[in-house]
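The values are calculated or read from the model by the stated rules, or taken from the named source; none is laboratory data. The model shown is predicted, which means the values in this text are computed figures rather than measured ones. Glycine also receives a Cβ, built like all others from the backbone with ideal geometry; neighbour counts cover every protein chain displayed.
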Amino acid sequence: MAKIKSGDLVQVIAGADRGKQGKVLKVFPKTERVLVEGVKVVTKHTKANPMTGAAGGIEKVEAPIHVSNVAIVDPETKKPTRVGYRLETEERNGKTRTNRVRVAKSSGKDI
């Protein structure tokens, strides 16, 4: 699930919103779903609440979609791509640290 993180630019590859691109607003790892800006917009009816001062009505909100229905957009080609990893080693104060860097499979550029 770590392949897609909040703030990534993704493209929907399956479903009614196929082809749309948007930024990931939130990731739900337990249910394997992501909330994408402008994708799967649903109508939500809200009840007025006099305690908080919230007005009732109909509003449009994004609903989560399954992580398998989105693909990360390659920063170079602006097309969907798969994600790979590259290990980078870094030395600091005599200690060696290894970091995993996400890489676009199609172009090899860092995500």
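Is it the case that ILE4 is of a type outside the set (D, E, K, R), closer than 21 Å to ALA104 by Cα and not assigned by TED's automatic domain parsing to the domain that holds ILE111? For ILE4, the condition - of a type outside the set (D, E, K, R), closer than 21 Å to ALA104 by Cα and not assigned by TED's automatic domain parsing to the domain that holds ILE111 - is met.
With respect to the conditions (1) of a type in the set (S, T, N, Q); (2) free of Cβ contacts under 8 Å to residues at least 24 places away in the same chain; (3) closer than 13 Å to ILE65 by Cα, THR31 lacks only one, and its number is (2). Count of region 34-47 residues, restricted to those that are buried (at least 17 other Cβ atoms within 10 Å of the Cβ) and within 10 Å of the chain's Cα centre (by Cα), is 3.
Determine whether THR77 is under 20 Å from the mean Cα position of the chain (by Cα), surrounded by 12 or more Cβ atoms within 10 Å (Cβ to Cβ), modelled with pLDDT under 95 and not acidic (Asp, Glu).
Numbers: under 20 Å from the mean Cα position of the chain (by Cα): yes; surrounded by 12 or more Cβ atoms within 10 Å (Cβ to Cβ): yes; modelled with pLDDT under 95: yes; not acidic (Asp, Glu): yes.
It is true that THR77 is under 20 Å from the mean Cα position of the chain (by Cα), surrounded by 12 or more Cβ atoms within 10 Å (Cβ to Cβ), modelled with pLDDT under 95 and not acidic (Asp, Glu).
Screening the candidates GLY7, GLY38, GLY57, GLY53 for the property of being on the phi > 0 side of the Ramachandran plot and in contact with an Asp or Glu (Cβ under 8 Å, 6 or more places away or on another chain) yields one hit, GLY38.
Would you confirm, using the coordinates I've provided, whether VAL42 is outside the structural domain of SER6 (by TED's automatic domain parsing), outside any loop (DSSP other than H, G, I, E, B) and over 17 Å from SER6 (Cβ atoms)? Spell out how you get there, then give the answer.
Details: outside the structural domain of SER6 (by TED's automatic domain parsing): no; outside any loop (DSSP other than H, G, I, E, B): yes; over 17 Å from SER6 (Cβ atoms): yes.
For VAL42, the condition - outside the structural domain of SER6 (by TED's automatic domain parsing), outside any loop (DSSP other than H, G, I, E, B) and over 17 Å from SER6 (Cβ atoms) - is not met.
Taking region 49-95 as the region of interest, the strands (runs of 3 or more DSSP E) fully inside it that hold 1 or more residues being free of Cβ contacts under 8 Å to residues at least 40 places away in the same chain and more than 17 Å from VAL36 (Cβ to Cβ) are 57-62, 83-92.
If you check ARG86 against the conditions, is it at pLDDT below 95, more than 18 Å from the chain's Cα centre (by Cα) and within 26 Å of ILE13 (Cα to Cα)? Lay out the reasoning, then the answer.
Details: at pLDDT below 95: yes; more than 18 Å from the chain's Cα centre (by Cα): yes; within 26 Å of ILE13 (Cα to Cα): yes.
When the stated conditions are applied, ARG86 passes them.
Looking at the structure I just gave you, is LYS44 among the charged types (D, E, K, R) and closer than 12 Å to VAL70 by Cα? So LYS44 does not fit the description; no. Quick check on my filter: what residues within region 1-20 are part of a loop (DSSP other than H, G, I, E, B), surrounded by 12 or more Cβ atoms within 10 Å (Cβ to Cβ) and within 10 Å of the chain's Cα centre (by Cα)? Answer for region 1-20, where residues must be part of a loop (DSSP other than H, G, I, E, B), surrounded by 12 or more Cβ atoms within 10 Å (Cβ to Cβ) and within 10 Å of the chain's Cα centre (by Cα): LYS3, ILE4, LYS5, ASP8.
One residue stands out in region 96-108 among those that are free of Cβ contacts under 8 Å to residues at least 24 places away in the same chain and among the hydrophobic types (A, V, I, L, M, F, W, C): the one that is nearest to GLN11 (Cα to Cα), namely VAL103.
Out of region 56-67, which residues are small (Gly, Ala, Ser) and at pLDDT below 95?
Start the filter on region 56-67 by keeping residues that are small (Gly, Ala, Ser), which leaves 56-57, 63.
Scanning region 56-67 gives GLY56, GLY57.
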